[in-house]
4 protein chains.
Amino acid sequence: MGKGRLEAFSDGVIAVIITIMVLELKVPHGADLRALVPLLPVFLSYVLSFVYVAIYWNNHHHMLHAVQRVNGLALWANLHLLFWLSLVPFVTGWVNENHFAAVPVALYGVVLLMAGVAYYVFERVLIAHHAEESPLARAVGKDLKGVTSLFMYVAAIALTFVNPWVSCALYVFVAIVWFIPDPRIERALPGG
Amino acid sequence: MGKGRLEAFSDGVIAVIITIMVLELKVPHGADLRALVPLLPVFLSYVLSFVYVAIYWNNHHHMLHAVQRVNGLALWANLHLLFWLSLVPFVTGWVNENHFAAVPVALYGVVLLMAGVAYYVFERVLIAHHAEESPLARAVGKDLKGVTSLFMYVAAIALTFVNPWVSCALYVFVAIVWFIPDPRIERALPGG
Amino acid sequence: MGKGRLEAFSDGVIAVIITIMVLELKVPHGADLRALVPLLPVFLSYVLSFVYVAIYWNNHHHMLHAVQRVNGLALWANLHLLFWLSLVPFVTGWVNENHFAAVPVALYGVVLLMAGVAYYVFERVLIAHHAEESPLARAVGKDLKGVTSLFMYVAAIALTFVNPWVSCALYVFVAIVWFIPDPRIERALPGG
Amino acid sequence: MGKGRLEAFSDGVIAVIITIMVLELKVPHGADLRALVPLLPVFLSYVLSFVYVAIYWNNHHHMLHAVQRVNGLALWANLHLLFWLSLVPFVTGWVNENHFAAVPVALYGVVLLMAGVAYYVFERVLIAHHAEESPLARAVGKDLKGVTSLFMYVAAIALTFVNPWVSCALYVFVAIVWFIPDPRIERALPGG
């Protein structure tokens, strides 16, 4: 099966997810700058979630770029990833509602962790469907970066009960690491 | 007519449907895990509806993959299917609002039944538009699986007045049966 | 310029319009069938608006199918059409809020009229951009059907002050006439 | 990397942005024309924001049309632009909530300014990725029109503290200037 529709559907779902998050930014009643102050943490969490969803779109783009075809299992692995991404607006909203309390910040990490796991599974499904020496397999290898991120999320979830801000700092740190699209795939591809 | 735009528009509509359902997950006020407990059935119904819409996207993908062209009738048969799918968020919300009461659970089944009927009609329209010995016609045959599902929905609707949970179990059962994308089409297609 | 992106963007906008209308169907509090009774007119107006937006998508699809390229003017003529279509959920909501009162039903007609005018303008822009003997020009001709619809909307708007239900009947009648995709374009196209 | 998915994802995000703005048009309770009067400024701000987002889609379309390929940096420059565009519904809502008060009107300008800066950066990234004598580079040149717009936004932001309506007039003026898609790119392209 071609990969065109899987890409188009994923683009649609991720576009809706990334845009409905902005509906969390409730219009304040006041007309001066002070009215925006309580919105500042909400805005920052929106930026973080926007960047995370954008990173997933970016990596999804790079990964599918290195792939020629998909099978039925890959369709479901992709839908599994989209499911966890669709929960990002909900956990972002819960974190904001409770001003970065421990449990909501931990659940934010759980959703990031599950999305990371789903991405990893999707990657393995695609690699298994292609030849062992495919560009994707060579580019990704054991995916140390992806696996390390998963451990970072687990650490961040545990640390929420010490200090939720440390966890938030870890989320930001992982986002920065992923900010740069995976150069391994670009390098491994002819004309990539 | 080519099938590209029918696919693109369906991807867009299904992407919006599957994502706005998550807006039903209202952010709770409390900051501890107990605040999430009343959300658990809402979450489970979200998962079920997500899986159902995902199954329709998957089967839609497989079916259109086996088709070369569409006509005006196929466009409307597809829109008819999208109409019933667009009601899934509404019935999911009604089921949640009333904690799985009999009538909402029955209406959930009615929407699934109508979507199933619409899919079956769409399938027949596409088969009629192609040659009798087309890959789609050979792959689908009499579509025993699709027709059986319709009877399962009817049974589930009737059973809501005995016990709505039995109906829910039936919905979950049909979803599991459909979870695996239709191997008949994949098998019948060269290089599918 | 190719027509691919104009089609893709229009598909996206129309997909969002057709799906957010269902958010007007507010989940009722009661758990029995009587709770659905007040929703019945809302549901019927949803069906009508769904069919109207679907008709525009269908005709848009047929028209662009008969066209090879677009220019800057066509992009704006298309955006003008999308603008009026984007107001359909608003006027549908106003009609429902006031139980089919005269002024809201008239405004519903105004939006249909303006969308019809915008579609007609878009059609003329595309014909002007192509040769006089293009398939689109031959297929559409003077577009008697489109122009007649505009007069029907004007009549329906005027009739709201006699009886809004007569206007609604006219809207339904025009929708039925357009329900069948334009056979002129399908006929005029080779392999259409 | 091909530009197809960057275009498709941008189409999706911009389609959602341009359509969710209409949700700001809250259905009024009254059933006569007077009930619409308080909605008039909301409607006009919706039209202005619709036109601005449409201008960005139009220019995005023209710019990508002149480009053959994108790299990882271009993906992020594009996401940066989409981020600022995603804030347009929020600032439009704040302007409406406060009846065009100074600070909200200024913030509206800040978002327009940042979107303009993001577009300019995206343009430079694309030009740098192509040959010096590429069609895009020749067509855009120093982009006097784009840079002048940025200064207009800065002026409009400053003028909100004199009179917000002067700023609004400036926003409308810039929109009118951009209304016509960039003829430079169309001219510079063979068959453009």
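The values are calculated or read from the model by the stated rules, or taken from the named source; none is laboratory data. As the structure is a prediction and not an experimental result, all values here were calculated from the model. In this analysis, Cβ positions are derived from the backbone assuming ideal geometry, glycine residues included, and neighbour counts consider all displayed protein chains. Just the protein is used for accessible areas: all its heavy atoms, side chains included, with ligands, DNA and RNA removed. Shrake-Rupley method; radii C 1.70, N 1.55, O 1.52, S 1.80 Å.
From (1) more than 14 Å from chain D (Cβ to nearest Cβ); (2) open to solvent by 10 Å² or more (accessible area, probe 1.4 Å), pick out the condition that doesn't hold for C:Ile55.
Status for C:Ile55: all satisfied but (2).
Can you tell me how many residues within segment C:95-108 are crowded, with 24+ Cβ neighbours inside 10 Å, among the hydrophobic types (A, V, I, L, M, F, W, C) and either touching a strand residue (DSSP E or B) at 6+ places or on another chain (Cβ under 9 Å) or at pLDDT 95 or above (or both)?
1
Does segment A:26-35 contain at least one residue that is in contact (Cβ under 8 Å) with a residue 12 or more places away in the chain and assigned to a helix (DSSP H, G or I)?
No, segment A:26-35 contains no residue that is in contact (Cβ under 8 Å) with a residue 12 or more places away in the chain and assigned to a helix (DSSP H, G or I).
Residues that are open to solvent by 10 Å² or more (accessible area, probe 1.4 Å) and more than 21 Å from the chain's Cα centre (by Cα): does segment B:40-51 have at least one?
Yes, that holds for at least one residue.
Using the structure shown, decide if C:Leu144 is at pLDDT below 95, crowded, with 19+ Cβ neighbours inside 10 Å and farther than 30 Å from C:Leu39 by Cα. Reasoning before the result, please.
Working: at pLDDT below 95: yes; crowded, with 19+ Cβ neighbours inside 10 Å: no; farther than 30 Å from C:Leu39 by Cα: yes.
Taking the combined requirement at face value, the residue does not satisfy it.
Filter segment C:169-187 for residues that are modelled with pLDDT under 95 and open to solvent by less than 30 Å² (accessible area, probe 1.4 Å); which is farthest from C:Tyr56 (Cα to Cα)?
Per the criteria, the residue is C:Ile185.
Residues in segment A:15-27: is at least one of a type in the set (A, V, I, L, M, F, W, C), away from chain B (no Cβ under 14 Å) and farther than 24 Å from A:Gly146 by Cβ?
Yes: segment A:15-27 contains one or more residues that are of a type in the set (A, V, I, L, M, F, W, C), away from chain B (no Cβ under 14 Å) and farther than 24 Å from A:Gly146 by Cβ.
Answer yes if at least one residue in segment A:77-96 is in a loop (DSSP other than H, G, I, E, B) and closer than 20 Å to A:Ile20 by Cβ, and no otherwise.
Checked segment A:77-96: at least one residue is in a loop (DSSP other than H, G, I, E, B) and closer than 20 Å to A:Ile20 by Cβ.
Here is a yes/no grid of residues against (1) β-branched (Val, Ile, Thr); (2) over 22 Å from D:Val91 (Cβ atoms):
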{"site": "D:Glu7", "(1), (2)": "no, yes"}
{"site": "D:Val16", "(1), (2)": "yes, no"}
{"site": "D:Met21", "(1), (2)": "no, no"}
{"site": "D:Ala31", "(1), (2)": "no, yes"}
{"site": "D:Ala35", "(1), (2)": "no, yes"}
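Pick from C:Asp11, C:Asp32: which is away from chain D (no Cβ under 12 Å) and not aliphatic (A, V, I, L, M)?
C:Asp32
Just wondering, is there one or more residues in segment C:147-162 that are free of Cβ contacts under 8 Å to residues at least 60 places away in the same chain and closer than 30 Å to B:Gly4 by Cα?
The answer is yes, given that some residue of segment C:147-162 is free of Cβ contacts under 8 Å to residues at least 60 places away in the same chain and closer than 30 Å to B:Gly4 by Cα.
What is the number of the single condition among (1) away from chain D (no Cβ under 14 Å); (2) open to solvent by 30 Å² or more (accessible area, probe 1.4 Å); (3) under 26 Å from C:Val42 (Cβ atoms); (4) among the aliphatic types (A, V, I, L, M) that C:Leu112 does not meet?
C:Leu112 satisfies all of (1) away from chain D (no Cβ under 14 Å); (2) open to solvent by 30 Å² or more (accessible area, probe 1.4 Å); (3) under 26 Å from C:Val42 (Cβ atoms); (4) among the aliphatic types (A, V, I, L, M) except (2).
Out of all the residues in segment A:74-84, is one or more more than 30 Å from D:Val95 (Cα to Cα), buried (at least 23 other Cβ atoms within 10 Å of the Cβ), among the hydrophobic types (A, V, I, L, M, F, W, C) and free of Cβ contacts under 8 Å to residues at least 24 places away in the same chain?
Yes, there is a match, as at least one residue in segment A:74-84 is more than 30 Å from D:Val95 (Cα to Cα), buried (at least 23 other Cβ atoms within 10 Å of the Cβ), among the hydrophobic types (A, V, I, L, M, F, W, C) and free of Cβ contacts under 8 Å to residues at least 24 places away in the same chain.
More than 14 Å from chain B (Cβ to nearest Cβ) and outside any helix (DSSP H, G or I) - does that describe any residue in segment A:60-73?
yes
Considering only residues that are touching a residue at least 60 places away in the same chain (Cβ under 8 Å) and either under 30 Å from B:Pro41 (Cα atoms) or open to solvent by 10 Å² or more (accessible area, probe 1.4 Å) (or both), which ones fall in segment B:116-133?
If we filter segment B:116-133 for residues that are touching a residue at least 60 places away in the same chain (Cβ under 8 Å), which is where we start, we get B:119, B:123, B:126, B:129-130.
Scanning segment B:116-133 gives B:Tyr119, B:His129, B:His130.
Tell me yes or no: at least one residue of segment D:116-127 is among the charged types (D, E, K, R) and not in a helix (DSSP H, G or I).
Looking through segment D:116-127, none of the residues is among the charged types (D, E, K, R) and not in a helix (DSSP H, G or I).
Test D:Ser49 against the criterion of being within 14 Å of chain C (Cβ to nearest Cβ), among the hydroxyl-bearing types (Ser, Thr, Tyr) and closer than 21 Å to C:Met1 by Cα, and give yes or no.
no
Answer yes or no as to whether D:Glu7 is closer than 19 Å to A:Phe50 by Cα and out of contact with any strand residue (DSSP E or B) (no Cβ under 9 Å at 6 or more places or on another chain).
yes
I need the full set of residues from segment C:80-109 which are more than 7 Å from chain D (Cβ to nearest Cβ) and over 16 Å from C:Ile157 (Cα atoms), in order please.
Hits for segment C:80-109 are C:His80, C:Leu81, C:Leu82, C:Trp84, C:Leu85, C:Asn96, C:His99.
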